[in-house]
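Every read-out reported here was derived from the displayed coordinates using simple, explicitly stated rules and does not represent laboratory data. In this text, all values refer to a predicted model and were calculated from it rather than measured experimentally. Cβ placement follows ideal geometry from the backbone for every residue including glycine, while neighbour counts extend to all protein chains displayed.
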C-alpha cells in the first residue's frame, strides 16, 4: 500500500475517534458533570493517539510537515461534516461546501 494512502486511512480512523472524543459528550453526557465527560473523552482519545502517532510517523517518511498538516485538516472536515449532520443532528449548511473549497485551495498550494 502506498505511504500516502496508508497515512490517509490511518488519519481517517484516528479522526473518527477524536471527533467522538471532542463532541459526542455534548449529546451523550449532557446531564453528567464536565469531569465525567472529560474522563470518557480521554479514554476515547487514547485510541485516537494510538492510531494518529503511527499515521504521522508513516506520512512523514514521504510528506513534508505542512503537507501532513493540510492532509489532516482536510480529513478532519471530511469526518466532522457527516458526524455533525448524522450523529449530532445539525442541519446541512452551504458553509460546509465553502469550507471544503477553501481546503481544496490549501491542498493545491501545499502540494504543488
Worksheet item: For the stretch 49-112, treating each Cα as an identical point scatterer without solvent, what Debye log10 I(q)/I(0) comes out at q = 0.24 1/Å?
Response: -1.00
Response to the item:
Checking rank on 101-108, 18-25, with mean other Cβ inside 10 Å and highest first, the result is 18-25, 101-108
Discussion item. Starting from the Kirkwood Rh over alpha-carbon pairs, what translational D in µm² s⁻¹ does the chain have by Stokes-Einstein at 4 °C and 1.567 mPa s?
Written reply: 85
Worksheet item: Mind checking the angle between helix 65-82 and the chain's longest principal axis? C-alpha axes, 0 to 90 degrees, to the nearest 10.
Response: 40
Practice prompt. Per DSSP H run of n ≥ 4, the term is -39500 (n - 2.57); total these for the chain, divide by its residue number, and report the mean residue ellipticity at 222 nm rounded to 500 deg cm²/dmol.
Written response: -24500 deg cm²/dmol
Response to the item:
Expressed as a whole-number percentage, the relative contact order of the stretch 11-108 with C-alpha contacts under 8 angstrom and at least six residues apart is 35
Discussion item. On C-alpha positions alone, give me the angle between the axis of helix 34-59 and the longest principal axis of the chain, in degrees, nearest 10.
Written reply: 10
Item to complete: Treating the angle as unsigned and between 0 and 90°, give the value, to the nearest 10°, between the Cα long axis of helix 3-19 and the longest Cα principal axis of the chain.
Response: 20
